[in-house]
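Since the structure comes first, as structure tokens, the remarks are kept for the end.
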Amino acid sequence: MLFGEHDFLDRFDAAARAGFKGVEYVGPYDHEPDAVAARLAKNGLAQVLFNLPPGDWGKGERGIAVLPDRIDEFRRGVDTAITYAKALGCGQVNCLAGIAPEGADRPVLENVFVENLKFAAEKLEKAGVKLLVEPINTRDIPGFFLNNSSQALAIMDRVGSGNIFLQYDIYHMQIMEGDLARTIEANLGRIAHIQLADNPGRHEPGTGEINYPFLYEHLDRIGYTGWVGAEYKPKGGTEAGLGWFREASRTAENAAA
């Protein structure tokens, strides 16, 4: 979502110039693995995360994992994601559940979701890649199937794999459930990736109601060691809105000194 001023492959260069050490995005599938890997290597960037193939993004699809008529496509997508993950050195991929079809039987959709996640968790584990699932708010994506932490954790329990983890997006969960710090701490061992944006507006930290300086310190205090991805819509240009990142970086450096 950042550096939209540049073509996709050029965003890697821009991210490195801005001081980022890793990158994530919806998916690399419009580009050959070697081309993406070359940009990562050129800029010394880690490939932190991308999603399993989410269907036709341009037509509004936001995942296909709950759709009974797309099971074969979903499972082929797992193989595709593994190919890219190996080429890019990426150790985790996220599964977007998808939008529930109007009038669909939700228990049926959940059963499809659970079976797809079992399949993906096993195949990805053999490839050395973690599987993540992400609850998303229903304001930005009406009808999205997976909406809060407790629902996600219950589905993860049904899957019963040691290779499925929670992707916790602070922005989405502020809208859907609040109680951010306590929820993260209570589920720390099951969270493999965190994302941020402020609310309202989904802009950079410091533009809304979320107390990000507190949350940064909280994550350090409770021992979170994973990545935090900046998944927000810049209020102005990307570079112009990176004051929060520079300040957080200085604070971290001072704390380590």
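The values are calculated or read from the model by the stated rules, or taken from the named source; none is laboratory data. Just so we're clear, the structure is a prediction, and the values are computed from it rather than from any experiment. Please note: Cβ atoms are built from the backbone with ideal geometry, for glycine as well, and neighbour counts cover all protein chains shown. SASA here: full protein model, heavy atoms, side chains in, ligands and nucleic acids out. Shrake-Rupley method; radii C 1.70, N 1.55, O 1.52, S 1.80 Å.
Only a single criterion out of (1) of a type in the set (Val, Ile, Thr); (2) open to solvent by less than 20 Å² (accessible area, probe 1.4 Å); (3) closer than 26 Å to Tyr171 by Cα is not satisfied by Val78, namely (3). Report, ordered by the first and then the second residue, all pairs with beta carbons closer than 6 Å, sequence separation of six or more or different chains, a first member in segment 56-78 that is over 14 Å from Val93 (Cα atoms) and in contact (Cβ under 8 Å) with a residue 60 or more places away in the chain, and a second member that is open to solvent by less than 70 Å² (accessible area, probe 1.4 Å) and in a helix (DSSP H, G or I). Taking only residues 6 or more apart or on different chains, the pairs are Val66/Leu109; Val66/Val112; Val66/Phe113.
Could you tell me whether Ala37 is buried (at least 16 other Cβ atoms within 10 Å of the Cβ), aliphatic (A, V, I, L, M) and farther than 24 Å from Gly128 by Cβ? So Ala37 fails the test. Assess whether Leu88 counts as being out of contact with any strand residue (DSSP E or B) (no Cβ under 6 Å at 6 or more places or on another chain) and surrounded by 16 or more Cβ atoms within 10 Å (Cβ to Cβ). It is false that Leu88 is out of contact with any strand residue (DSSP E or B) (no Cβ under 6 Å at 6 or more places or on another chain) and surrounded by 16 or more Cβ atoms within 10 Å (Cβ to Cβ). Is it the case, given these coordinates, that Ile155 is touching a Leu at 6+ places or on another chain (Cβ under 8 Å), assigned to a helix (DSSP H, G or I) and over 22 Å from Arg62 (Cα atoms)? Spelling it out, it is not the case that Ile155 is touching a Leu at 6+ places or on another chain (Cβ under 8 Å), assigned to a helix (DSSP H, G or I) and over 22 Å from Arg62 (Cα atoms). From the set of residues in segment 91-118 that are surrounded by 13 or more Cβ atoms within 10 Å (Cβ to Cβ) and small (Gly, Ala, Ser), which is farthest from Asn147 (Cα to Cα)? So the residue we want is Gly91. Filtering segment 49-69 for residues that are polar (S, T, N, Q), closer than 17 Å to Leu166 by Cα and buried (at least 17 other Cβ atoms within 10 Å of the Cβ) leaves a non-empty set.
The one condition from (1) over 23 Å from Leu117 (Cα atoms); (2) touching a residue at least 40 places away in the same chain (Cβ under 8 Å); (3) touching a Leu at 6+ places or on another chain (Cβ under 7 Å) that Phe165 does not meet is (1).
Scanning segment 102-117 for residues being outside any helix (DSSP H, G or I) and either within 14 Å of Ile71 (Cα to Cα) or touching a residue at least 40 places away in the same chain (Cβ under 8 Å) (or both) gives a total of 1.
If you filter segment 151-191 down to residues that are hydroxyl-bearing (Ser, Thr, Tyr) and within 25 Å of Pro205 (Cα to Cα), you find that the one that is nearest to the chain's Cα centre (by Cα) is Tyr168. The helices (runs of 4 or more DSSP H) located wholly in segment 166-246 that include 2 or more residues which are open to solvent by 60 Å² or more (accessible area, probe 1.4 Å) occupy 180-186, 212-222.
Of everything listed in (1) open to solvent by 20 Å² or more (accessible area, probe 1.4 Å); (2) touching a residue at least 40 places away in the same chain (Cβ under 8 Å), the single unmet condition for Ile155 is (1).
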